[in-house]
1. In the range 22-67, which residue that is touching a residue at least 60 places away in the same chain (Cβ under 8 Å) and out of contact with any helix residue (DSSP H, G or I) (no Cβ under 7 Å at 6 or more places or on another chain) is surrounded by the fewest Cβ atoms within 10 Å (Cβ to Cβ)?
2. Across the range 16-41, what is the total count of residues that are outside any loop (DSSP other than H, G, I, E, B) and closer than 19 Å to Ser61 by Cα?
3. In this structure, does Asp13 turn out to be part of a helix (DSSP H, G or I) and within 13 Å of the chain's Cα centre (by Cα)?
4. Quickly run through the range 7-25 and pick out the residues that are at pLDDT 95 or above and out of contact with any strand residue (DSSP E or B) (no Cβ under 8 Å at 6 or more places or on another chain).
5. Answer yes or no as to whether Gly80 is over 12 Å from the mean Cα position of the chain (by Cα), modelled with pLDDT under 95, at negative phi and surrounded by fewer than 17 Cβ atoms within 10 Å (Cβ to Cβ).
Amino acid sequence: MRLKVLVFASYADALGKGEVVVDLPEGATVGDCVAAVRALPRLRSVPPAPLVAVNRRYARSEQRLAKGDEVALIPPVAGG
């Protein structure tokens, strides 16, 4: 299945755009999706367990994904 993954802030800067499409097998999990994104040369800086949202709700790495889901990788945020 093909999924759109949104990236923000430093992840988007590294990629040069705000989204990437990944191909995953049916039954893939959020963790599988993160691994696919981390395999991209420009996104190796993504930590092994980043904050992830699926369809605008926070998700755990074991959550199964379905065709048409929108995945977002949320980088760490610091305030001041």
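The values are calculated or read from the model by the stated rules, or taken from the named source; none is laboratory data. Not measured: the values here are computed from a predicted model. A quick note on method: Cβ atoms are made from the backbone with ideal geometry, for glycine too, and the neighbour counts reach across all protein chains shown.
1. The first filter runs over the range 22-67 and keeps only residues touching a residue at least 60 places away in the same chain (Cβ under 8 Å), leaving 65-67.
From what's left, out of contact with any helix residue (DSSP H, G or I) (no Cβ under 7 Å at 6 or more places or on another chain): 66-67.
Working: Ala66: 12, Lys67: 9.
If we take residues in the range 22-67 being touching a residue at least 60 places away in the same chain (Cβ under 8 Å) and out of contact with any helix residue (DSSP H, G or I) (no Cβ under 7 Å at 6 or more places or on another chain), then Lys67 is surrounded by the fewest Cβ atoms within 10 Å (Cβ to Cβ).
2. 14
3. Working: part of a helix (DSSP H, G or I): yes; within 13 Å of the chain's Cα centre (by Cα): no.
The answer is no for Asp13.
4. Scanning the range 7-25 gives a single hit, Pro25.
5. Working: over 12 Å from the mean Cα position of the chain (by Cα): yes; modelled with pLDDT under 95: yes; at negative phi: yes; surrounded by fewer than 17 Cβ atoms within 10 Å (Cβ to Cβ): yes.
When the stated conditions are applied, Gly80 passes them.
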